[in-house]
Structures are given as C-alpha cells and as structure tokens.
C-alpha cells in the first residue's frame, strides 16, 4: 500500500514538548499553519482514494459483493481528515496510517496505542498483570525493542503502576502518544 504514505500531515517523532511563541502573531501563525495542514491532509486523502489499489480486486474484471466494499468511501476518508478518532476507528484508515508510520519508522506509536486499547478491555487480574508487564518490556523500559518517546516521569509512573496493574496504568502514556500521532504524524 505505497499510496498510504500520502496520509501524512506533518511528521515528527522527536521530543513531544516544543516551545512555541506567544502573542497574537504566533496564534495567527499557528492557526494559518493548522488550516494549511488540514487542507494538505484533505488533498492527500483525496489522492490516496484515487490512487490506491485494493488488494482484493479480481483480475477478471468481475466483482463479488464482498469485493465491492474493499475501499473506503470518500465520505469516510473525509471524516478521517476531520477527526483523528475516525481514522483510528476505521480499519482502512488504521491500516493506511500504520503503513505511513512504518515508512517513517514510528510504527511503535500505533502499536503501543493499540496494545493499550486491548489492555483496557482485559478483565482478568492475572491477564491484566501479564499484559502490563509485556507492554512495559516492549514499549516503556529503557532500550525496549519498540521504545516509545515519552518523558522520564511518565515512564517512572508506569513502572510504579504496573506493580499492581489496573486498566488505567498506561492512560497517561497512551494520551501522550495519541497526541503525538495526532499532531505530528
């Protein structure tokens, strides 16, 4: 799915805290940049829809009922540009976004976010504890194979929280990663 790369609005896997100017000119500049990025995103989504090829397209030219719905509608893609939650809720949007993050070497962000979503659905205390430790070793601890970019205080808080895991022990980190993906990817 090479055309998925066109979903990028702006990409930055660097530190999450960036200093920004204050005052009316800075606010106006940020607002103008936001409008430009939104316009750019809509344009790229349009390109994605026009140029993506569905893996399920038949070679004979005939389409089954199941194959006619292999591509998102323009309305659905439009929703992606308006709300990041819509992008993540759509299997097509999520796949395209994941492909983009992979091309930018930031796939760990969406993997962490999805692992946290699955973690929050876990009911069994035993499974909760083992999943918490797995998420910690995969994404949080220093030199983790898929280490995410979060601050030291959040990492320390998580290390304390997983001692007695609850469904909310990754909430702070998940929100930070969500914000990073929404604003910088």
Least to most buried among 105, 139, 84, by other C-beta atoms within 10 Å and fewest first, runs 105, 84, 139
Give the calculated FRET efficiency between residue 85 and residue 157 to the nearest 0.05, with a Förster radius of 25 Å applied to their Cβ-Cβ distance. 0.50
Separation of the residue 172 and residue 146 label points, Cα + 7 Å toward Cβ, nm: 2.3
Need the full-extension length gain, residue 94 to residue 164, defined as separation in residues times 0.36 nm minus the C-alpha distance. One decimal, nm. 22.1 nm
Ordering of 156-167, 71-82, 120-131 by packing [mean C-beta count within 10 Å, highest first]: 71-82, 156-167, 120-131
Spin-label zone in the stretch 151-169 - amide nitrogen under 18 Å from a point set 7 Å from the Cα of residue 129 along the C-beta vector: 159-169
Quick one: 101, 88, 114, fewest Cβ neighbours within 10 Å first, how do they rank? 114, 88, 101
Between Rg and the Kirkwood Rh of the stretch 107-184, both from Cα atoms, what is the Rg to Rh ratio? 0.93
Going by how many other Cβ atoms sit within 10 Å of their own, how do 151, 138, 118 line up, fewest first? 118, 151, 138
Please give the length that would be gained between residue 27 and residue 102 if that part of the chain were fully extended, namely 0.36 nm times their separation in residues minus their C-alpha to C-alpha distance (nm, one decimal). 23.8 nm
Please report, in whole Å³, the volume per residue of the convex hull around the C-alpha atoms of the stretch 83-131. 77
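Computed from the coordinates by the stated procedures, all read-outs in this text should not be read as laboratory data. Note that this is a predicted model, so its numbers are computed, not measured. Backbone-built Cβ (ideal geometry, glycine too); neighbour counts: all protein chains shown.
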